[in-house]
Amino acid sequence: MRWIWVLIVGAIIGAITGVITRRSGAMGWISNIIAGLVGSAIGEALLGHWGPQLAGMAIISSLIGAIIVVAVVSFFLMRSSK
């Protein structure tokens, strides 16, 4: 049951990140989950587990990490399309 909550929270974090970075139209729900989970891992590794937590993920650190992931991936995708 924990993994279902992790996927749901990852999708929500990814969706919020898509709205913040204005990439929500380009990202599907699978990309939102991946961005949320990878961003959560990176954000918590860099910033720690501070702030409110949901399903074992620190929300603020996870959002910051997901924004970093989306920005880096977007940068490399734009460079490769030129």
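The values are calculated or read from the model by the stated rules, or taken from the named source; none is laboratory data. All values reported here derive from a predicted model rather than from experimental measurement. Please note: Cβ atoms are built from the backbone with ideal geometry, for glycine as well, and neighbour counts cover all protein chains shown.
I'm checking my understanding of the structure. Among residues of region 35-62 that are surrounded by 22 or more Cβ atoms within 10 Å (Cβ to Cβ) and among the hydrophobic types (A, V, I, L, M, F, W, C), which one is modelled with the highest pLDDT? Result: Leu37.
If you check Ile68 against the conditions, is it out of contact with any Ser or Thr (no Cβ under 8 Å at 6 or more places or on another chain) and buried (at least 19 other Cβ atoms within 10 Å of the Cβ)? So Ile68 does not fit the description; no. When the test is whether a residue is in a helix (DSSP H, G or I), within 13 Å of the chain's Cα centre (by Cα) and loosely packed, with under 14 Cβ neighbours inside 10 Å, Ile30 passes it.
Restricting attention to region 28-76, the residues that are among the hydroxyl-bearing types (Ser, Thr, Tyr) and more than 13 Å from Ile12 (Cβ to Cβ) add up to 3.
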